[in-house]
Structure formats: C-alpha cells, structure tokens
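These notes concern the structure reproduced below.
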Amino acid sequence: QTLIRAIDTPYRWALMVRETLTRWSFGRVTLLGDACHPTLPFLAQGAVMALEDGLVLARCLDEWRSDPVKALQRYEAARVERTSRIVDGSAGNAKRFHNPQLAHAEGAAKYVDEQWSEDRVKERYEWLFEYKADTVNL
C-alpha cells in the first residue's frame, strides 16, 4: 500500500493481442511461457502454459541429452498446437466477455443462455483439462 500511495499518476495499460508464434526455438536457444505465447487473461491459462512448457521441455532435454537442438525442436513441436489454441481461445473470449449484447438486460440474457450453457461451455473448454504434459507425445 505504501508503494501504491507513492505513485504520482497510476497508469492503465492496454491488453494486446499478439499473433501466435509458429517457431520459438533457434539452435540451442528456446523460449517458454509468456516469452513465446503471451495471452490475454480470458482463459486463465497463462501460468499453466509456462508450467506445461517447463515440464515438456525438461522431458525433451532428458530424452535427447546428446542432441539439445533436437530436444528443443521436439519441445516446440509438442507444444505449438496447444499454446496457439490457448492464445487464440483467450482472444476469442475477450470478444465473448465484452460483447455489446451484454450491455442490455434483454440481449444479455439471450446471449448468456446461448454462450454459457453447460453443453456450450463443455464444447468450448473441455479440451483444456484433458492435456497431460507428463505423457504428451514428444
């Protein structure tokens, strides 16, 4: 609280959508987490991606100890589809959560019924919870 009170002018910052990267490993250097797939906070998966990345990266480095370049290529290949889907899904949720239909009660009720029914939610998000970083194919 002391630090916050010491701020002359508190600024807001924009939430920015960034295109997904299709490559984030170069030779013996790679990225993980927000460094290669920053995401909006509308799918609650940012920290999860970093944890999954770390586990998959460790598995790849262990599997290909004698060839770190191949290990990083396999890590990227094992993660790119999932992380892209999460980044894109979060960007989609930004539009879903801030839809103009939500501004009026009559439109909001219909919109919520359509977008947030149990079946629709399951269809949209169940895949998130089926992923297993400890057994995903490398």
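The values are calculated or read from the model by the stated rules, or taken from the named source; none is laboratory data. Just so it is clear, the structure is predicted and the values come from calculations on it, not from any experiment. Every residue, glycine as well, gets a Cβ built from its backbone with ideal geometry; the counts of neighbours run over all protein chains shown. Remember, those area values only see protein heavy atoms, side chains included, never the ligands or the DNA or RNA. Shrake-Rupley method; radii C 1.70, N 1.55, O 1.52, S 1.80 Å.
Quick rundown of the values:
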read-out	value
Largest-first ordering by accessible area, 1.4 Å probe, given options 70, 95	95, 70
Ellipsoid semi-axes in whole angstrom, largest first, where each is sqrt(5λ) of the Cα gyration tensor of the chain	34, 23, 12
Accessible surface of residue 90 - all protein chains present, 1.4 Å probe, nearest 10 Å²	0
Listed residues 66, 25 arranged by accessible area, highest first, probe 1.4 Å	66, 25
With DNA, RNA and ligands ignored, accessible area of residue 60 (1.4 Å probe; Å², nearest 10)	0
For segment 24-138, with +1 on Lys and Arg beta carbons and -1 on Asp and Glu, the positive-most of 94, 69, 56 along the dipole	69
Inter-centroid distance (Cα atoms) of segment 1-28 relative to segment 104-119, Å	32
42, 129, ranked by accessible area, largest first (probe 1.4 Å)	129, 42
Percent accessible area from carbon and sulfur atoms, the chain, protein chains only, probe 1.4 Å	56
Using alpha-carbon coordinates, inclination of helix 46-63 to the longest axis of the chain, degrees	10
With DNA, RNA and ligands ignored, accessible area of residue 9 (1.4 Å probe; Å², nearest 10)	70
Leading residue at positive end of dipole, the chain (Cβ point charges), from 136, 21, 6	6
Percentage relative contact order, segment 41-122, counting C-alpha pairs under 8 Å, at least six apart	27
Sequence-distant lysines (8 or more away, or on other chains) whose Cα lies within less than 29 Å of residue 110	95, 122
